[in-house]
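Working notes, beginning with the structure itself.
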Amino acid sequence: MAILAFVVSYAVLDGACRVRAAHGPARVAWLACGSVVVGLSIWAMHFVALLSLRAPLPMTEDPITLAVAAVTAVVAAAGALHHVDRGAGGLPALAVSGGLKGFALVATNYTMMAALHVPATIAYDPLMIACSVLVAVAVSTATLSFAERLQAESPGRASLERVVIAAVMAAGLVAMHHIASRAGHLVPDAGWQDGHQYVVRGISVASGAELMEVPHRGHGRPVRR
């Protein structure tokens, strides 16, 4: 996931720089291409983590919901890149763009979680959700602010700095996903609690899950990851 987080961060930096520098039809072209690349990179990052999820329950994914997550990521990324140098409603451009990019990260994460078909209920912690949103917006705003700075650098220096900044921002994305991984846990349906009560903590499509089996009738199997 760390590699895909780096790809997302680099794509945002590069796309924001190119959209800011372009005008007319060229800007529209960079905006369209950048939106698809950034949005699908975000989606791929979450999807890879979804595949790493392990639980003692049958699980499938709803392809329609997965598609909705992809469209959400691309549309939100388009809004973020479009407003990278344009404010809205009196708000600064960076605030609008960073908010939309953060929305793309968070909305895709929780939409992918909703794509899971599993005989259980996902219970959420509102505080952890709020923390994941704050970190996502903060990381997104920081990334886009660096894009504005890189635009004024020489091409060679900007390329090197882009790699370094993308690596740092990727660490921020990983941290955000670890926070999001504590936002929900699975509470299996009654039919799956015979003998044991299974509770899966950290069921985040961002970073996989930590599986814990809590004994229900005085016996159980060890914790696995």
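Values quoted throughout were computed directly from the atomic coordinates according to the rules given, and no laboratory measurement underlies them. From a predicted model like this one, the values you see are computed outputs, not experimental measurements. Ideal geometry is used to build each Cβ from the backbone, glycine not excepted, and the neighbour counts take in all protein chains shown.
Annotations for the structure displayed:
- Phi angles of region 132-144 translate, via the Karplus equation with coefficients 6.51, -1.76, 1.60 and θ = phi - 60°, into HN-Hα couplings of 5, 5, 4, 5, 4, 5, 5, 5, 5, 5, 5, 4, 5 Hz per residue; Gly and Pro are given as x.
- Modelled FRET efficiency - R0 30 Å, residue 51 with residue 145, Cβ distances, 0.05 increments: 0.35
- Values of log10 I(q)/I(0), in the order q = 0.09, 0.10, 0.15 Å⁻¹, for region 1-153 under a Debye, Cα-only, solvent-free model: -0.30, -0.37, -0.77
- 165, 42, 122 arranged by Cβ crowding within 10 Å, fewest neighbours leading: 122, 165, 42
- Two-site FRET efficiency, residue 134 against residue 59, from Cβ-Cβ distance with R₀ of 25 Å, rounded to 0.05: 0.30
- For region 62-71, 3J(HN,Hα) computed residue by residue from phi via the Karplus equation (6.51, -1.76, 1.60; θ = phi - 60°) reads 7, x, 5, 5, 4, 5, 4, 4, 5, 5 Hz, glycine and proline entered as x.
- The ranking of 71, 38 by Cβ neighbour count inside 10 Å, starting from the fewest, reads 71, 38.
- Residues whose placed amide H lies under 5 Å from that of residue 61, excluding near-sequence neighbours: 117
- If R0 is 30 Å, the Cβ-Cβ spacing of residue 125 and residue 167 corresponds to a FRET efficiency of close to 0.50.
- Ranked list, fewest to most other Cβ atoms within 10 Å of each Cβ, for 74, 84: 74, 84
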